[in-house]
Amino acid sequence: MRIALVCAFLTLVALIAAPLGSPIRFEEIAARAGLQFVSNGSPTDYKNQPETMVAGVALLDYDNDGYLDVYFVNGAHIPSLRKDDPRYWNRLYHNNRDGSFSDVTEKAGVAGEGFGMGAAIGDFDNDGWPDIYAVNVTKNQLFRNNHDGTFTDVTERAHVGGGVLDGKKMWSISAAWFDFDNDGLLDLYVSNYCKWDVNKDPVCGPDAKTRAYCHPKYYAPLPGTLYHNNGDGTFTDVSVETGIAKRFGKGMGVAVADYDGDGFTDIFVANDNYPNFLFHNIGGKRFEEVALARGIAYPDSSNAISGMGADFRDVDNDGRPDVWHTAIERETFPLFRNVDGGEFFDVTSTAGLAGTVAMSGWSNGIFDFDNDGWKDLFVTRSNVMDNIAQWSLRQYEEPNAVFRNLGRGRFEDASTTAGPDFQLAAAHRGAAFGDLDNEGRVDVVVSVLNGKAKYFHNVSQAANHWILLNLVGTRSNRMGLGAKVRVTAGDGMVQYNQATTAVGFASSSDSRVHFGLGESKLVREIEITWPSRIRQTLRNVAADRVLTIEERPDTPSSHLVPSRK
């Protein structure tokens with residue numbers, strides 16, 4: 001009897017202590033998997049601003065074998081700003097489809113030049129093979145996929161080396177591939193940060209003897225750059241005529257989505273200590289910056305904060321893409337809910353994210369890590385300055401954080417139950433999201449400033465189902481970027497997502513569209529609205545698989561959606 005009572009008591013304690021639902025869990029396996037990348041920001045006594053920000057991680061299936069490969073962007077020697085040593089190379093790792101990766105950088109020809117920041121993946125020539133755009137402090141680079149495991153630097157021919165202001169190439173940090181005029185060709189937006197020259201940063205610090213990395217207020221802002229794809233392998237800088245060049249900021253993360261449902265993709269830019277930008281796409285011809293009018297320029301504090309990474313997705317399954325971006329401690333990571341397809345409201349506190357006021361974040365992503373049908377939040381954490389602990393109680397290195405969606409955009413911090421590897425602090429920076437082993441769970445690859453990269457393999461034990469959609473455009477761009485997907489699970493639950501690679505800070509994620517399905521083994525309906533406005537419907541689709549869907553305007557379940565002006 002006594003034993004039975006003790007057992008009952010212990011069971012009750014366990015139930016009370018357990019979080020709602022099965023925990024999201026990760027196992028860090030980079031070393032075991034062969035992802036041996038170490039970033040190098042070339043830190044100096046001059047405290048050059050780019051030294052703190054090396055971040056870029058990208059996921060792409062460069063050889064079309066059905067498995068995601070990994071590309072890391074790296075810094076360069078200071079003051080030369082050149083990759084004059086292999087320790088500064090960008091690195092491409094091939095997925096061997098057995099849980100391991102091999103460094104193929106030299107063979108592929110993607111080591112890069114100059115001081116790197118980020119990367120963006122897109123098929124700019126619609127040949128069915130993903131290309132790499134490396135975003136740099138120095139000249140940006142476009143690597144065209146040659147279909148044989150190698151790439152060719154086509155930057156000069158394509159005219160995408162980076163925007164120029166006052167005779168100097170602007171410092172770029174992030175980029176997004178998207179088709180802004182729906183002509184079936186991917187265009188390119190590049191977020192630029194601030195005016196900077198090597199070894200000429202202001203002298204900042206707590207005292208005359210201790211030099212620190214300076215606050216962004218000491219640097220002049222820059223406009224973004226927008227390139228239009230001409231369809232012949234070249235691009236035209238259309239920043240001025242589209243209105244992009246009118247707005248100066250300190251662009252960090254960039255994310256894209258059609259926030260008002262008019263059929264044209266809009267741009268969100270997280271600015272560092274500047275009001276955020278929301279560029280409304282007007283008919284694929286020009287952009288109007290509307291962040292203040294739409295309630296997304298500032299959080300509820302009404303102060304510009306340290307915007308870093310950004311994602312632009314529906315967190316509450318109401319069919320409208322919301323915006324979540326990161327910042328540093330004392331500022332929170334604001335979550336802006338999209339209401340009625342045009343107005344945004346800061347719901348950070350009511351969504352359960354008020355605790356982020358004590359965190360500093362860089363890259364981030366909105367993905368369903370436990371496949372329960374509700375998208376969760378992941379953020380790579382670390383403070384901005386490596387010398388901050390010398391004159392403050394704040395810590396530089398931090399553990400990452402994951403917030404579980406409890407339903408309809410209400411979150412709980414699930415970091416403490418995400419596994420022992422997840423509790424380790426580091427100078428985390430970039431993050432790319434995707435299912436690297438095609439097992440149905442979204443994994444995360446994270447860069448660490450001047451440290452070893454991390455591969456957080458998703459080992460969540462929830463027995464939930466899933467589907468991963470590989471979209472292939474025919475009338476739309478080949479990667480299907482910008483396609484909107486509505487899924488109805490077998491139990492009637494409705495979800496929304498989109499095809500995009502522009503996620504987080506200086507990083508690029510899997511273009512395939514992931515849905516968790518909970519207990520449903522069947523997808524009742526998949527409805528895809530392509531950038532071409534063709535609407536395509538599939539019904540009664542089996543779950544737990546990667547499904548390739550080709551855009552087909554001539555099928556009985558497809559029809560053209562009229563444009564909303």
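The values are calculated or read from the model by the stated rules, or taken from the named source; none is laboratory data. Bear in mind the structure is a predicted one, so any value in this text is a computation, not a measurement. Counting neighbours? That spans all protein chains shown, and the Cβs are built from the backbone with ideal geometry, glycine included. Heavy atoms of the whole protein, side chains included, go into the accessibility calculation; ligands, DNA and RNA do not. Shrake-Rupley method; radii C 1.70, N 1.55, O 1.52, S 1.80 Å.
Can you tell me which residues in the range 169-182 are open to solvent by 20 Å² or more (accessible area, probe 1.4 Å) and over 24 Å from residue 474 (Cα atoms)?
169
Which of the residues that make up the range 265-299 are in contact with a Lys or Arg (Cβ under 7 Å, 6 or more places away or on another chain), assigned to a strand (DSSP E or B) and open to solvent by 30 Å² or more (accessible area, probe 1.4 Å)? Matches in the range 265-299: 289 only. Restricting to the range 52-77, and then to whatever is outside any loop (DSSP other than H, G, I, E, B) and either crowded, with 24+ Cβ neighbours inside 10 Å or among the charged types (D, E, K, R) (or both), can you tell me which residue is farthest from the chain's Cα centre (by Cα)? Checking each candidate, the answer is 69.
Cβ-Cβ distances below 8 Å connect the following pairs, each with a first residue in the range 536-556 that is under 21 Å from residue 484 (Cβ atoms) and at pLDDT below 95, a second residue that is surrounded by fewer than 17 Cβ atoms within 10 Å (Cβ to Cβ) and small (Gly, Ala, Ser), and a separation of six or more residues or different chains: 552/558. For the range 209-266, a residue qualifies if it is of a type in the set (A, V, I, L, M, F, W, C) and either touching a His at 6+ places or on another chain (Cβ under 7 Å) or free of Cβ contacts under 8 Å to residues at least 12 places away in the same chain (or both), and the qualifying residues are 235, 238, 240. Just one of the listed residues (456, 515) is under 30 Å from residue 382 (Cβ atoms) and either at pLDDT below 95 or under 18 Å from the mean Cα position of the chain (by Cα) (or both), and it is 456.
So for the range 101-110 (the condition being outside any loop (DSSP other than H, G, I, E, B) and farther than 25 Å from residue 36 by Cα), does at least one residue qualify? The answer is no, given that none of the residues of the range 101-110 is outside any loop (DSSP other than H, G, I, E, B) and farther than 25 Å from residue 36 by Cα. Kindly check whether there is at least one residue in the range 187-208 that is open to solvent by less than 10 Å² (accessible area, probe 1.4 Å), aliphatic (A, V, I, L, M) and farther than 30 Å from residue 158 by Cβ. No, every residue in the range 187-208 fails to be open to solvent by less than 10 Å² (accessible area, probe 1.4 Å), aliphatic (A, V, I, L, M) and farther than 30 Å from residue 158 by Cβ.
Considering 478, 408, the condition of being farther than 23 Å from residue 357 by Cβ, in contact (Cβ under 8 Å) with a residue 40 or more places away in the chain, charged (D, E, K, R) and open to solvent by 10 Å² or more (accessible area, probe 1.4 Å) is satisfied by 478 alone.
Filtered by the rule that a residue be in a loop (DSSP other than H, G, I, E, B), closer than 22 Å to residue 268 by Cβ and touching a Phe, Trp or Tyr at 6+ places or on another chain (Cβ under 6 Å), the range 169-208 gives 171, 186, 193.
When you check residue 313 against the structure, is it charged (D, E, K, R) and at pLDDT 95 or above, yes or no? Answer is yes for this residue. For the residues 103, 98, the requirement of being more than 20 Å from residue 138 (Cβ to Cβ), free of Cβ contacts under 8 Å to residues at least 12 places away in the same chain and acidic (Asp, Glu) singles out 98. Annotation: of all residues in the range 89-119 being among the hydrophobic types (A, V, I, L, M, F, W, C) and either under 21 Å from residue 503 (Cα atoms) or under 23 Å from the mean Cα position of the chain (by Cα) (or both), the one that is surrounded by the most Cβ atoms within 10 Å (Cβ to Cβ) is 119. If you go through the range 434-468 and keep only what is surrounded by fewer than 24 Cβ atoms within 10 Å (Cβ to Cβ) and closer than 15 Å to residue 511 by Cβ, you end up with 435, 438, 468.
Taking the numbered list (1) open to solvent by 20 Å² or more (accessible area, probe 1.4 Å); (2) over 22 Å from the mean Cα position of the chain (by Cα); (3) touching a residue at least 40 places away in the same chain (Cβ under 8 Å) in turn, residue 33 passes all entries but (1).
Only one entry of 232, 262 meets the criterion of being closer than 19 Å to residue 499 by Cα, open to solvent by 10 Å² or more (accessible area, probe 1.4 Å) and more than 22 Å from the chain's Cα centre (by Cα), and that entry is 262. Kindly evaluate residue 315 against the criterion of being more than 22 Å from residue 161 (Cβ to Cβ), within 17 Å of the chain's Cα centre (by Cα), open to solvent by less than 10 Å² (accessible area, probe 1.4 Å) and not basic (Lys, Arg). Criteria met by residue 315.
Restricting the range 333-349 to residues that are touching a strand residue (DSSP E or B) at 6+ places or on another chain (Cβ under 9 Å) and without any contact (Cβ under 8 Å) to a residue 40 or more places away in the chain leaves a set whose member that is most open to solvent (accessible area, probe 1.4 Å) is 339. Just one of the numbered conditions (1) among the polar types (S, T, N, Q); (2) open to solvent by 10 Å² or more (accessible area, probe 1.4 Å); (3) touching a residue at least 12 places away in the same chain (Cβ under 8 Å) is not true of residue 80: (3). Of all the residues in the range 123-168, those that are assigned to a strand (DSSP E or B), more than 17 Å from residue 231 (Cα to Cα) and open to solvent by 20 Å² or more (accessible area, probe 1.4 Å) number 5.
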